[in-house]
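Okay, so here's the structure we're looking at.
What follows is calculated from the coordinates using simple rules that are stated; it is not laboratory data. It should be emphasised that the depicted structure is a prediction, and the values quoted were computed from it without experimental measurement. FYI the Cβ positions are ideal-geometry reconstructions off the backbone, even for glycines, and counts take in every protein chain you see.
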Amino acid sequence: MTRAKMQTNTVELDGQPVPLDIQINARARNISVRVDERTGGVELVLPRFVAKAEGLAFVREKTQWILRQLRDLPPRVPFEDEAVIPYLGDDHVIAHRPEERGTVWLEPDARTINVAGDTPHVPRRITDWLKKQARHEIGTRAHAAAAALDKRILKIQIRDTRSRWGSCSEEARLSFSWRLILAPADVLAYVVAHEVAHLVELNHSDRFWRLVDRLCPDNEPAKYWLKRHGASLHRFG
């Protein structure tokens, strides 16, 4: 392990409390700080030989830059009536239907996600529905891709991960972020192909990437989208 994540802290910058993640990186030669769009906080990376107090002093020196970066972050979008959220990459409007029975249903032609029930239940019902859709979309693609490689998936888990979009264990257990259902379909397909290819190659060798290309041809735009826009998916909900 070259990086060990420490406990999340809070640092006060000009009277404003800001979440702070401190990481020790054995390969780092200099202190670095960045604003994390996913959390709306700050990530501080310290070389192994640098004291925490020195890192905090560095953060405070960057106070105005950090606050400007935080102000420029896209606003969070709660799951509520009339909110616009992406679903498989296309904008959809949440429509609260308190008079209707049921839970959540999609109107594809109108690009509307309807949700019934009382107002306090709307965020949870939308989240649960998106997770269900993610499980279906990801599961369907993953099992088909595994079959194409003559492999079997032991289990698929859908989580709300922060550091990675998917993972594959040696026991053929796959894990994916439910937020992939918000991304364009080709991005979701690429991440699925990436993790399924690990059923054969638990590495990132040339052979691994050939498997990814076989399962998901022309995936460069999807990789670019994920790198450029992936963090923004964490601002929904």
Quick one: go through the range 67-108 and flag any residue whose amide nitrogen is under 16 Å from the point 7 Å out along the Cα-to-Cβ line of Gln16. 67-76
One can check that the equivalent ellipsoid of the chain, built from the alpha-carbon gyration tensor with semi-axes equal to the square roots of five times its eigenvalues, has lengths in Å, largest first, of 33, 28, 14
Please work out how much length the chain gains when fully extended from Ser205 to Glu171, using 0.36 nm per residue of separation minus the C-alpha to C-alpha distance, in nm with one decimal. 10.3 nm
How many lysine pairs are close in the chain, with Cα atoms under 23 Å apart and the two 8 or more places apart or on different chains? 8
For the range 51-112, what is the largest minus smallest coordinate of the Cα atoms on each principal axis, given in angstrom and ordered from greatest to least? 57, 21, 17
For the range 81-205, what class follows from the C-alpha gyration tensor (a ≥ b ≥ c being the square roots of its eigenvalues): rounded when a/c is under 1.5, otherwise prolate if a/b is larger than b/c, else oblate? prolate
Give the Cα extents of the range 178-235 along the principal axes, in whole Å, largest first. 35, 20, 15
Identify the GluC sites (Glu not before Pro) of the range 129-218 meeting these criteria: DSSP loop state and at most 14 other C-beta atoms within 10 Å of the C-beta. Glu170, Glu171
Computed about the Cα centre, the charge dipole of the range 3-71 from +1 Lys/Arg and -1 Asp/Glu charges at the Cβ has a magnitude in debye, to the nearest 20, of 320
What does the charge count around Thr161 come to, taking other residues whose C-beta lies under 13 Å from its C-beta (Lys +1, Arg +1, Asp -1, Glu -1)? +4
So, with points 7 Å from each Cα along the Cβ direction, the Leu73-Arg152 label distance in nm works out to 4.5
Loop-resident chymotrypsin sites (Phe, Trp or Tyr not before Pro) in the range 47-107 with no more than 15 other Cβ atoms inside 10 Å, DSSP not H/G/I/E/B, are Phe49
Can you say what percent of the DSSP beta bridges in the chain, counting only those with both residues inside, are antiparallel? Round to 5. 60
Would any residue of the range 117-153 have its amide N under 16 Å from a label point 7 Å out along Cα→Cβ of Glu82? List them or say none. 119
Just to confirm a number: summing +1 for Lys and Arg and -1 for Asp and Glu over residues other than Ile181 whose beta-carbon lies under 11 angstrom from that of Ile181, what do you get? +3
Is the shape of the range 3-71 rounded, prolate or oblate, going by the alpha carbon gyration tensor and its root eigenvalues a ≥ b ≥ c, with a/c under 1.5 for rounded and a/b larger than b/c for prolate? prolate
Which of Leu88, Gln69, Ala110, positive extreme of dipole for the range 58-111 (C-beta unit charges): Gln69
Okay, which of the range 142-183 sit inside 12 Å, backbone N to the point 7 Å along the Cα-Cβ direction of His229? 182-183
